[in-house]
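The values are calculated or read from the model by the stated rules, or taken from the named source; none is laboratory data. Note that this is a predicted model, so its numbers are computed, not measured. Cβ placement follows ideal geometry from the backbone for every residue including glycine, while neighbour counts extend to all protein chains displayed.
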Amino acid sequence: MEKSSAAAKKKLLKDLNAQLQELQKKLAVANKAVGVDEYIDVKVKESQARFQLIKAKDKEDKAVGNFFIKLEILAEKQEVYVPLSISSGKKTSGFMYQIEGTAEGSISTTDIKIRGEGVTQVTLGTLLFAKIPVGKTAELRIQVEINGKLGKNYKIIISRINYKLKLTDTRYNQYLKPLVSDSVKFS
């Protein structure tokens, strides 16, 4: 009787450990979705959006939106490397964005500038990274210009920030909390 009771307890313990591991994985995913990351802390410090109508002779007028997002990224446990590139997801980059609007829009230009005490730029092949020392904060100024349609609303959403803990890492860590710009009406 004692052997079967011990075997049942051992099986129960094994099942509970498996459930615990599964719950820990789900918790890690949920934490990332709300911006809890063990290596970086990201804050949106400023967001601006404005519309500009460009008159064209003998052509249709051009509706352009200019978006500015100022972020602060703190390296919490160790230095981090953030690629200084932005894309819509066709290839891996540091900042993955999407345009959200009431009509189709397209990116015409993007630019990222960094500054901060101890923050440097490092090149790996053709990729440029911001190296943020542990305990230091990098200020990133992201500018995006999009073409859209008159009378429609647009905003930029940075859906993911990829970063590395070492330049030689083949995989990126990901910060998954969406960072949303101000919205602007093209009118």
Going through (1) loosely packed, with under 12 Cβ neighbours inside 10 Å; (2) in a loop (DSSP other than H, G, I, E, B); (3) of a type in the set (A, V, I, L, M, F, W, C) one by one, Ala30 fails only at (2)
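Can Thr102 be described as assigned by TED's automatic domain parsing to the domain that holds Leu167, closer than 23 Å to Ser183 by Cα and surrounded by fewer than 17 Cβ atoms within 10 Å (Cβ to Cβ)?
yes
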Could you tell me whether the range 121-128 includes any residue that is surrounded by 17 or more Cβ atoms within 10 Å (Cβ to Cβ), part of a strand (DSSP E or B) and out of contact with any helix residue (DSSP H, G or I) (no Cβ under 9 Å at 6 or more places or on another chain)?
no
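Which of the strands (runs of 3 or more DSSP E) contained wholly in the range 63-118 include at least 1 residues that are closer than 18 Å to Glu145 by Cα?
95-101, 106-115
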Do we have any residue at all in the range 138-160 that's more than 25 Å from Lys32 (Cα to Cα) and out of contact with any strand residue (DSSP E or B) (no Cβ under 7 Å at 6 or more places or on another chain)?
yes
Can you say whether Gly118 is among the small types (Gly, Ala, Ser) and either in contact with a helix residue (DSSP H, G or I) (Cβ under 7 Å, 6 or more places away or on another chain) or surrounded by 15 or more Cβ atoms within 10 Å (Cβ to Cβ) (or both), as far as the supplied structure shows?
no
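If a residue has to be surrounded by fewer than 10 Cβ atoms within 10 Å (Cβ to Cβ) and either touching a strand residue (DSSP E or B) at 6+ places or on another chain (Cβ under 9 Å) or modelled with pLDDT of 75 or more (or both) to count, how many in the range 2-13 make the cut?
The total comes to 1.
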Going through Val42, Val36, Val64 one at a time, which residue ends up being in contact (Cβ under 8 Å) with a residue 12 or more places away in the chain, closer than 29 Å to Gly135 by Cβ and of a type in the set (A, V, I, L, M)?
Val42
Which residues, counting only those in the range 47-60, are of a type outside the set (Gly, Ala, Ser) and surrounded by 11 or more Cβ atoms within 10 Å (Cβ to Cβ)?
Gln48, Arg50, Phe51, Gln52, Leu53
Among the residues of the range 132-180, the number that are within 18 Å of Ser108 (Cβ to Cβ), at pLDDT 90 or above and in a loop (DSSP other than H, G, I, E, B) is 0
Flag if Asn66 is among the polar types (S, T, N, Q), at pLDDT below 85 and either on the phi > 0 side of the Ramachandran plot or surrounded by 12 or more Cβ atoms within 10 Å (Cβ to Cβ) (or both):
no
Expected single match for surrounded by fewer than 16 Cβ atoms within 10 Å (Cβ to Cβ), touching a Ser or Thr at 6+ places or on another chain (Cβ under 9 Å) and assigned by TED's automatic domain parsing to the domain that holds Lys177 among Glu76, Glu72 is Glu72
Which numbered condition Leu20 misses (of (1) without any contact (Cβ under 8 Å) to a residue 24 or more places away in the chain; (2) assigned to a loop (DSSP other than H, G, I, E, B)):
(2)
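For the range 23-48, what are the residues that are modelled with pLDDT of 90 or more and either under 22 Å from Glu79 (Cα atoms) or not small (Gly, Ala, Ser) (or both)? I'd like the intermediate steps shown before the answer.
Looking only at the range 23-48, we keep the residues that are modelled with pLDDT of 90 or more, and these are 39-48.
Selection gives Tyr39, Ile40, Asp41, Val42, Lys43, Val44, Lys45, Glu46, Gln48.
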